[in-house]
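Participant: Handing you this structure, nothing more for now.
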Amino acid sequence: MGLASSTPKASSNNPASKEKMTNTKDNKVEEVKESEEISKAFAAVAGVRKEVDKLSERIAALEVAVNSGTKVTDEEFVVPAELLMRELLKLDGIGAEGEARLQRKAEVRRIQKYHETLDKLNTINSNPFSDKHKAVSVTTNWETFDS
């Protein structure tokens, strides 16, 4: 008779039990929030990747045109460069941790690579000697004077 009443039970009346349950619930809520944030970051990076994929097709077409000797307007380089910068800004606004951060970083590098490609193509396009075999390199030897 006396044994049953003297043993502490892990009931809802026990403060230690309530604290454990609250901590467990808090941890699960935090885990769910983190998981949702990670999912949002993955989705945001994927959205940027999709837009960059579209721009990459445009850049590839420019590359074919410029390498074949076709003159292209400056606007054809400026517009994709601006769109790439917008996507870069979108990535900058994405808060990400772990794998999502690595994906974001890889996408930033990819955008930078495409931007460099556009710059090179624009340089080739604006060069009056589009035939590389006829290009002339001009260097200047500056004469120094003692004063």
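Each reported figure results from applying straightforward, stated rules to the coordinates on display, with no laboratory input. A quick note: this is a predicted structure, and the numbers were derived from the prediction, not measured. Heads up, the Cβs are rebuilt from the backbone with ideal geometry, glycines too, and the neighbour counts pull from every protein chain shown.
Participant: Taking a 19 Å limit on the Cα-Cα distance, which of the listed pairs Lys50/Lys120; Lys40/Lys105; Lys90/Lys113; Lys71/Lys120; Lys28/Lys90 fall beyond it?
Facilitator: The answer is Lys50/Lys120; Lys28/Lys90.
Participant: List the chymotrypsin sites (Phe, Trp or Tyr not before Pro) within the range 36-130 that DSSP assigns to loop and that have no more than 15 neighbouring Cβ atoms inside 10 Å.
Facilitator: Hits after loop and neighbour filter: Phe129.
Participant: Take every Cα pair under 8 Å in the range 37-126 that's 6+ residues apart, average their separations, divide by the length, and report that relative contact order as a whole percent.
Facilitator: For the range 37-126, the relative contact order is 46 percent.
Participant: Suppose each label sits 7 Å from its Cα in the direction of the beta carbon; what would the Lys71-Lys50 distance come out to in nanometres?
Facilitator: Distance between the two pseudo-spin positions: 4.0 nm.
Participant: Distance from the Cα centre of the range 88-124 to that of the range 47-75, in angstrom?
Facilitator: Rounded to whole Å, the Cα centres lie 16 Å apart.
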